[in-house]
Amino acid sequence: MSFARRAALTGGLLALGLVACHKVPYTGRRQLNLIPDSIMRGVGKSSYSSTLSSEKVEKKGADHDRLVKVGGKISKVADQPKYDWSFSMIDDDETINAWCLPGGYIAFYTGILPVLQNEAGMAFVMGHETAHATAHHGAERMSQQLTLIGGLAGLEIFMANATDLEPEKRAIILGALGLGAEVGILLPFSRTHESEADVIGMMYAAEAGYPPEESIALWDRMDMVASSNIPAFLSTHPSNDKRKANLKEWMPQARKKYDRHKQGGDTTEVVWPGLETSGGKKGRPR
């Protein structure tokens with residue numbers, strides 16, 4: 001490749017990086033995002049429909065109505081008018097989980113309700129899931145993977161043309177580098193996303209009028225039902241202790257928001273009793 005072509009390519013990549021650099025709400029972390037939000041919203045809408053088609057979704061009832069109520073408050077605070085906010089309650093008592101797809105497509109499993117216990121607990125998890133969308137975590141993960149794939153492909157071309165390594169040895173090197181990138185780059189970013197979603201979710205819940213202390217109480221309850229034998233450095237989620245420590249650091253700011261926006265009534269009153277402590281259920285918010 002000539003010097004002029006290399007310079008043009010380098011300049012183009014630098015320009016793309018500058019254009020694609022965004023800041024995460026509240027934390028201010030800069031992220032590389034190469035995929036337009038309009039595309040991600042389309043992916044989220046399509047995936048939402050296909051995922052729910054194989055689940056038993058509650059269309060009405062007290063749990064459904066409360067989910068929509070809390071979701072409406074949190075999404076209003078999130079202030080993303082282009083998002084097609086949708087909230088679904090999946091009838092599955094064996095799964096302790098909730099998730100969000102790009103564009104604001106959110107689902108809760110009924111199995112998580114006893115862990116939430118109250119409306120404030122639901123608000124924090126709703127804020128956490130909403131944060132994944134507003135912080136564009138899905139697009140960032142895809143951008144990281146695209147960058148990694150491009151880098152490994154470039155290395156393979158270099159080794160094939162500039163070294164005497166046999167194909168088998170090149171494959172071993174690429175495999176080792178790919179695993180190293182997965183452990184050293186992609187998984188830590190996932191843990192960063194979870195920590196960010198916790199912080200942003202607590203802020204959203206506080207601004208919507210829910211006490212931020214319930215975010216820590218929820219992880220105390222999660223400790224009672226969910227455990228994992230996966231080493232922390234290989235897990236896509238931070239440990240519950242680290243999550244609680246992170247939330248405590250941000251608590252003073254969240255408390256100020258709550259003091260300005262607190263609502264009437266007791267949102268910590270138990271709505272969903274029957275928390276099990278046997279650890280027999282599966283899943284966790286993601």
Quick check: net charge around Met251, other residues with Cβ under 13 Å of its Cβ, Lys/Arg +1 and Asp/Glu -1? +1
Förster radius 22 Å - calculated FRET efficiency between Asp266 and Lys69 (Cβ-Cβ, nearest 0.05): 0.90
Would you list Lys82, Lys257, Lys242 from fewest to most Cβ contacts within 10 Å? Lys82, Lys242, Lys257
Near the amide H of Val271, under 5 Å away, which other amide H atoms are found, from residues 5 or more places off or on another chain, if H is placed in the peptide plane? Asn118, Glu119
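Over 29 Å, how big is the tail of the calculated P(r) for region 18-261, in percent of all Cα pairs?
When every Cα pair of region 18-261 is considered, 35 percent fall beyond 29 Å.
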From the phi angles alone, apply the Karplus equation (6.51, -1.76, 1.60; θ = phi - 60°) to region 55-70 and give each ³J(HN,Hα) in whole Hz, x where the residue is Gly or Pro. 10, 8, 9, 6, 9, 7, x, 5, 5, 4, 5, 5, 4, 5, 4, 5
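For a footprinting-style exposure proxy, rank Met224, Met159, Met40, Met89 by other Cβ within 10 Å, fewest first.
Placing the least packed residue first, the sequence is Met224, Met159, Met40, Met89.
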Dipole moment magnitude, nearest 20 debye, region 18-261 about Cα centre, only Lys, Arg, Asp, Glu C-beta charged: 800 debye
Over what distance in Å are the Cα centres of region 23-90 and region 111-160 separated? 13 Å
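Ranked highest first by the average count of other Cβ atoms within 10 Å around their residues, in what order do 95-106, 63-74, 122-133 fall?
Result, highest mean Cβ count within 10 Å first: 122-133, 95-106, 63-74.
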With each pseudo-label sitting 7 Å past Cα toward Cβ, what's the Lys60-Thr163 distance in nm, one decimal? 6.6 nm
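Taken together, the values in this text are just the output of simple stated rules run on the coordinates, not laboratory data. None of these values were measured; they are calculated from a predicted model. Backbone-built Cβ (ideal geometry, glycine too); neighbour counts: all protein chains shown.
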